Amino acid sequence: MRYKYFLFDWDGSLADTLPIWFAGFKKVFAKHGIEVEYEKIGNEVIGDWDGPARLGITNSEAFFAEVEAEVIEKLNSVTLNPGAMELLKKIKMEGGKIGIITASRKRWVKTALRNNGLRDLVDVFLGKEDVEFVKPDPEAVYKALKLMQGKPEETVMVGDNGKDIMAGRRVGVRTGLYFPDRYQEYYGKEGQVNFGPAFVFKDFGEMEKFLD
């Protein structure tokens, strides 16, 4: 691999959490009398802390507390997406550094990191509380590179939606979109591809061929 630094989104990228989050958001919105389809959740809520307010939620803090209560046990026991662990181990074997940057609160991720054996593989882990602005703002990407002493031209960033791609491109790193066929249930592939990732893949086992 000619790249040395690898930044990954967590939800929907390394971790198979999209079914958990989409079902959780839909259920809590319904409790508030708001019917929201998955496409709108994907476009306006996932990774966007202001999204619920735009859709009619008057107390966002209480809303996210309800969502957390709905999903936290499932998040703690989530598994990685196919091929992710093998790729991460290969990166470390070849001397690469790994960062996880997520718009989620870190407590929603830490247990799953431990349960999946990732804590010793990850060099940098940044969540919502570590930055002022979450993706698509590039703040987390800049901060992760600084902590890893990495250079943009030696870095790859992978995510499952346009917010990840935009953040990476604003810093000048190579970007990859993880989009297996099953994600069509959550948001349209064409809309995500239009953000301009350098490569698109369906399985982390395929990703290595894009890194030479």
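The values are calculated or read from the model by the stated rules, or taken from the named source; none is laboratory data. On a predicted model such as this, the values are computed, not experimentally measured, just so you know. Here the Cβ positions follow ideal geometry from the backbone for every residue, glycine too, while neighbour counts run over all protein chains shown.
Answer with yes or no whether Lys110 is surrounded by fewer than 17 Cβ atoms within 10 Å (Cβ to Cβ), modelled with pLDDT of 95 or more and either over 24 Å from Glu153 (Cβ atoms) or not assigned by TED's automatic domain parsing to the domain that holds Ala167 (or both).
yes
The test for being at pLDDT 95 or above, small (Gly, Ala, Ser) and more than 26 Å from Gly150 (Cα to Cα) does not hold for Ala103. Taking the criterion of being within 23 Å of Phe210 (Cα to Cα) and in a loop (DSSP other than H, G, I, E, B), would at least one residue in the stretch 55-66 satisfy it? No, the stretch 55-66 has no match at all.
With the condition kept exactly as written, say whether any residue in the stretch 64-83 is free of Cβ contacts under 8 Å to residues at least 24 places away in the same chain, surrounded by 14 or more Cβ atoms within 10 Å (Cβ to Cβ) and not assigned by TED's automatic domain parsing to the domain that holds Arg182. Yes, the stretch 64-83 contains at least one residue that is free of Cβ contacts under 8 Å to residues at least 24 places away in the same chain, surrounded by 14 or more Cβ atoms within 10 Å (Cβ to Cβ) and not assigned by TED's automatic domain parsing to the domain that holds Arg182.
Take the stretch 126-135 and flag every residue that is more than 12 Å from the chain's Cα centre (by Cα) and either surrounded by 19 or more Cβ atoms within 10 Å (Cβ to Cβ) or more than 24 Å from Ser77 (Cα to Cα) (or both). Within the stretch 126-135, Val131, Glu132, Phe133 qualify.
Of the residues that sit in the stretch 3-20 and are in contact with a Lys or Arg (Cβ under 9 Å, 6 or more places away or on another chain) and more than 14 Å from Val156 (Cα to Cα), which one is surrounded by the most Cβ atoms within 10 Å (Cβ to Cβ)? Step by step, filter the stretch 3-20, then rank; the result is Thr17.
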